[in-house]
């Protein structure tokens, strides 16, 4: 089950109570306070794991509690610390506080660890209060409560290239051809109900990640179709690849399709227009003598100064050239980023 946003209640463990005890042993004429300290409560950590792909665990386990600390005992025995709770989240998870939507942490790489709530401190036993002037203290502390937080966990997939376009434009077919991803493919709208990720191997030294975003339609920002619930997954992408059906059998206007998707992107987040864009005309294998749709899309790309590639994902036409173009864009962006950091 793909779950990309959940509410989670995390409760750290309470500290154990300190012990009130006095030493009494046969043959020992002088006793004294020997109450040990309580153990600290367990804390809760979130850890990003590359093998975890969804926040589904929290859908079924919304409340998570760490172990409380054990109470102190006589003979100056300290209570055992409560066990920490470590919860795995996918790479790309953003941790927010529910009360003010403040971002507490952003998991951008595998293996990152974040302390969410800290366990309560264990209370001191009466041995800790002993002094030359207070030889028989009858004082002990209770353990302190652990921290509690109500969080919103939001997953934004990390990909280099985001495939956007109308349903049945061929996004799933494309990602299945250029990567090892195996999305559901069928000849009906909204076959893809969740985003799919695929790793594209360019050569021995380079690969990049492509995300197939479920199809948009006009009015998606108003909740039509699948709405914009998955558009947050393109916010981290470096390239927006518009997949457009140019076959004469679709009955669609490719220019209008591009403009409609662009309007939905702007309605969701205007900053998405700052991403590098490429127009990809798909299903050219179905073109016979009529190439009007293809020519219209070429003219649009030239007018808007956008990169253009013509392919047939199904027949694997033009896919090698497309992968090379995408790789070159990413290499250029990486080089520019490195130079800017150097300055």
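The values are calculated or read from the model by the stated rules, or taken from the named source; none is laboratory data. Nothing here was measured: the structure is a model prediction, and the numbers come from that model. In this analysis, Cβ positions are derived from the backbone assuming ideal geometry, glycine residues included, and neighbour counts consider all displayed protein chains.
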Task: Total residues in the stretch 235-249, condition more than 30 Å from residue 93 (Cβ to Cβ) and under 35 Å from the mean Cα position of the chain (by Cα) - done: 3
- [ ] Could you please find all residues in the stretch 82-123 being in a loop (DSSP other than H, G, I, E, B) and within 11 Å of the chain's Cα centre (by Cα)?
- [x] 91, 92, 107, 108, 109, 110
- [ ] Could you please find all residues in the stretch 54-70 being farther than 14 Å from residue 115 by Cα and touching a residue at least 60 places away in the same chain (Cβ under 8 Å)?
- [x] 54, 55, 58, 68, 69
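Pick out the one residue from 24, 77, 59 that is at pLDDT below 95 and in contact with a strand residue (DSSP E or B) (Cβ under 9 Å, 6 or more places away or on another chain). Walk me through how you get there before you give the answer.
On the way: 24 fails: in contact with a strand residue (DSSP E or B) (Cβ under 9 Å, 6 or more places away or on another chain); 77 fails: in contact with a strand residue (DSSP E or B) (Cβ under 9 Å, 6 or more places away or on another chain).
59 is the lone residue from the list that is at pLDDT below 95 and in contact with a strand residue (DSSP E or B) (Cβ under 9 Å, 6 or more places away or on another chain).
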Open item on the list: Tell me yes or no: at least one residue of the stretch 262-283 is assigned to a helix (DSSP H, G or I), at pLDDT 90 or above, more than 25 Å from residue 94 (Cβ to Cβ) and more than 25 Å from the chain's Cα centre (by Cα).
Closed with: no
Open item on the list: Please verify whether residue 36 is touching a strand residue (DSSP E or B) at 6+ places or on another chain (Cβ under 7 Å), at pLDDT below 90 and assigned by TED's automatic domain parsing to the domain that holds residue 121, treating the condition exactly as stated.
Closed with: no
Open item on the list: Among the residues that make up the stretch 47-67, is at least one of them assigned to a loop (DSSP other than H, G, I, E, B), surrounded by fewer than 18 Cβ atoms within 10 Å (Cβ to Cβ) and in contact with a helix residue (DSSP H, G or I) (Cβ under 9 Å, 6 or more places away or on another chain)?
Closed with: no
Open item on the list: Which condition from (1) farther than 21 Å from residue 201 by Cβ; (2) crowded, with 18+ Cβ neighbours inside 10 Å; (3) touching a helix residue (DSSP H, G or I) at 6+ places or on another chain (Cβ under 9 Å); (4) touching a residue at least 40 places away in the same chain (Cβ under 8 Å) is the one that residue 278 breaks?
Closed with: (1)
Task: Criterion: in a helix (DSSP H, G or I) and either in contact with a strand residue (DSSP E or B) (Cβ under 9 Å, 6 or more places away or on another chain) or surrounded by 18 or more Cβ atoms within 10 Å (Cβ to Cβ) (or both) - qualifying residue of 330, 314 - done: 330
